[in-house]
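Participant: Pasting a structure below so you can have a look.
The values are calculated or read from the model by the stated rules, or taken from the named source; none is laboratory data. It should be emphasised that the depicted structure is a prediction, and the values quoted were computed from it without experimental measurement. Please note: Cβ atoms are built from the backbone with ideal geometry, for glycine as well, and neighbour counts cover all protein chains shown. Surface accessibility is based on the protein's heavy atoms, side chains included, excluding ligands, DNA and RNA. Shrake-Rupley method; radii C 1.70, N 1.55, O 1.52, S 1.80 Å.
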Amino acid sequence: MSSAVDTRVEASIAHAAETLFDAQRPEGSWPNRRPTAVLGTAGALAALHIADPERSRDLIDRGARWLRSAQDPGGGWGGVAGATPQLIPTVVAAATLHLLDPDGHREAVRRALDQVRAQGGLEALTDPGMAHMARTFLALAGLEDLTGSRRIPLELLLLPPRLWRGRLSFRVAPFVAMAFIQARHSPPTGLGRLLWRASRQAGLRALAQVERGENQRGGYGGDNWLVAVVCIGLSCAGAPPAAVAEAVGYLRSTVQPDGSWHIMQGLDLIGGSYVARGLADAGYTGDERLVRARQWLRGCQQDQAFPVFDAPPGGWGWEGPRGWPNFLDSANVLSALAPAGEEGGGELRRGLRWLESRQDRKGSWGTFVPDTTLPNDGPCPYVTAQSVEALLDGGASPDDPAVRRALDWLLTHQRPDGAYEALWYRGLTAGTSLALVAFGRAGLAGHPVARRAREALLRGRLADGSWGPGETGTPGDDPSPGTVEETAWALRALLASGVPADDPQVRGAADWILAAQRPDGLWQAGQVCMHIRNFAYYVDGLIVHGLALKALGAYRAGLAADRHEGGGTR
């Protein structure tokens, strides 16, 4: 039976690899095909309506038609067209349609607001920042009054950056933009007006500093949703016309032919790093096409500091050689470069030093700013485990101080149910799986904490042999079906934690991934990536292929190891 299984796995890997190599660009990257998003589209429409209504009228009308077509029969919107409705996309889309044309979109807005009330209203948004953002968009449309709302303390930016960087982290740009919008709708009075003038200038300087580090002028984080929020804030603050024009220009340049926008415009690097490592684990390390991919990844290493995050040169972001350097993308790129050893040269060594320098004092890693107090950028089990794996891939031993501190943090920050969360992927499967891989590679697979994590992961297995989020990952989606991403994470984790490849649960996961492969050799991406934690998700069209190849490569290696240990009798 094992030879038949081997044949299926080999054929699956070969088919996927050739399809990916056929799609590879000449410089080594891969195009990342993703569905467009409700938040990106609604935000862009609101921003263009406020900042560029006449010149962008055709884009606004076309986008509004797309937004109406994406509305769920029940009145809500999900992260992408056809997805389960969520509060934040529904509120923002409804507010945008009302802002554009209250009479023409009356029925669509009514149905959406009924859906919001059915989901518990804005009171159901437990994140204060998200609740304020939702109220702000309703206020822009005249559907909410911001008077009396908790004031955003923009004067924080008058302090030295070291005193606010850890508190604001990657939310600096939306923090400034939302403060500008709030001040427009609820102007400061008395002495507050004097403080506001100084704070406004500090906010404009902060936005300019962020924008100077971008790959494209006006493109804050390569995120159409964020660009839209900043564009609205700049317009409300009476910012220099050039700053508004650059944000408008970015949005106009990123609209899709059907009138919609992506939520994250450029994700080629993060997806490409997953694919490159997946191909290496599947046996293509020395292939000249993969050599070219690694050369491209090395060329995207940032050679300039990013002052807003106090980040030195040496890391990677999701867009390319500029943009927001972060620990997760950097760790993924480093793991993609490591299989080639010295071929990675100075970029690999410099990147590993950069990653170590970003470790929290307690041993964990967040995403953008070390030791931040911002919950959405705080210590993350997934990022911490991925960073451990990157350091081990780069030649560190389990006793290396940085690795040891990270493992100690993971061992002491397990949930009571044995699982681990991830900041940037839904549910519990991703975080629990990566923690298990880190423990297994560090020789801790038998540790009681690792055993509890494995038990928690196995409890999340679905009846068809796949894995979903391990809990209700998407609001209203209960139970969630399995995805290739989560099944691949789980399969690789079980193998790394010592479960043999012929175990029925391991074999079932591999069979499910093989059966899910499309005729073109690739896999369908699931809505597993978080854009706004627990409130907005997106689909990455490349990560899924990299994860599937890593899992199948590990499964093939596990089958070979089982045969070797069994004396070749199986």
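Participant: Per residue, how much accessible area does the range 192-286 have with a 1.4 Å probe, in Å²?
Facilitator: In whole numbers, the range 192-286 has 33 Å² accessible per residue.
Participant: Specify the inter-centroid distance of the range 485-556 and the range 228-279, based on alpha-carbon positions, in whole Å.
Facilitator: If you average the Cα positions of each part, the centres end up 29 Å apart.
Participant: Given H placed on each backbone N at 1.01 Å, which residues far from residue 223 in sequence or on other chains put an amide H within less than 5 Å of it?
Facilitator: 265
Participant: Would you compute, from DSSP H runs of 4+ residues alone, the mean residue ellipticity of the chain at 222 nm, taking -39500 (n - 2.57) per run and dividing by the full residue count, rounded to the nearest 500?
Facilitator: Computed ellipticity for the chain at 222 nm equals -17000 deg cm²/dmol.
Participant: What percent do you get for the relative contact order of the chain when only Cα pairs under 8 Å and 6+ apart count? Write down the numbers at each step before the final one.
Facilitator: Details: 1059 pairs, mean separation 86.4, N = 570.
Here the relative contact order equals 15 percent.
Participant: For the range 314-469, compute Rh as the Kirkwood radius over C-alpha pairs and then the Stokes-Einstein diffusion coefficient at 37 °C and 0.692 mPa s; write the answer in µm²/s, rounded to an integer. Show your work: numbers first, answer last.
Facilitator: Working: Rh = 15.8 Å.
Stokes-Einstein gives a translational diffusion coefficient of 208 µm²/s.
Participant: Just to be sure I understand: if I project the alpha-carbon convex hull of the range 149-299 onto a plane and average over all orientations, what area do I get in nm²?
Facilitator: 12.3
Participant: Moving on to the next point. Could you sort 137-144, 282-289, 100-107 so that the peptide with the highest average Cβ count within 10 Å comes first and the rest follow in order? List each step's numbers first, then the result.
Facilitator: Details: 137-144: 19.2, 282-289: 16.4, 100-107: 13.6.
Result, highest mean first: 137-144, 282-289, 100-107.
Participant: Moving on. Might you report the magnitude of the Cβ-based charge dipole of the chain about its Cα centre, with Lys and Arg at +1 and Asp and Glu at -1, to the nearest 20 debye?
Facilitator: The calculated dipole for the chain is roughly 1320 debye.
Participant: Shifting gears a bit: Helix 543-565 versus the longest principal axis of the chain: what angle, 0 to 90°, nearest 10, using Cα atoms?
Facilitator: Approximately 20 degrees, to the nearest ten.
Participant: Show the residues, 5+ positions off or on another chain, whose built amide H is closer than 5 Å to the amide H of residue 306.
Facilitator: It is 311, by chain and number.
Participant: Measure out, as a whole number of angstrom, how far apart the alpha-carbon centroids of the range 430-446 and the range 119-136 sit.
Facilitator: Taking the Cα centre of each part, the range 430-446 and the range 119-136 sit 36 Å apart.
Participant: Using each residue's phi in the range 241-254, evaluate 6.51 cos²θ - 1.76 cosθ + 1.60 at θ = phi - 60° and report the 3J(HN,Hα) Karplus result to the nearest Hz, with x for Gly and Pro.
Facilitator: x, 4, 5, 5, 4, 5, 5, 4, x, 4, 4, 5, 7, 10
Participant: Can you tell which of 88, 5, 17 lies farthest toward the positive end of the dipole of the range 1-133, using +1 and -1 charges on the Cβ of basic and acidic side chains (Lys, Arg; Asp, Glu)?
Facilitator: Checking the options against the dipole of the range 1-133, the answer is 88.
Participant: Taking the mean number of other Cβ atoms within 10 Å as a proxy for protection, how do you rank 371-380, 436-445 from highest to lowest?
Facilitator: Those peptides, ordered most packed to least, come out 436-445, 371-380.
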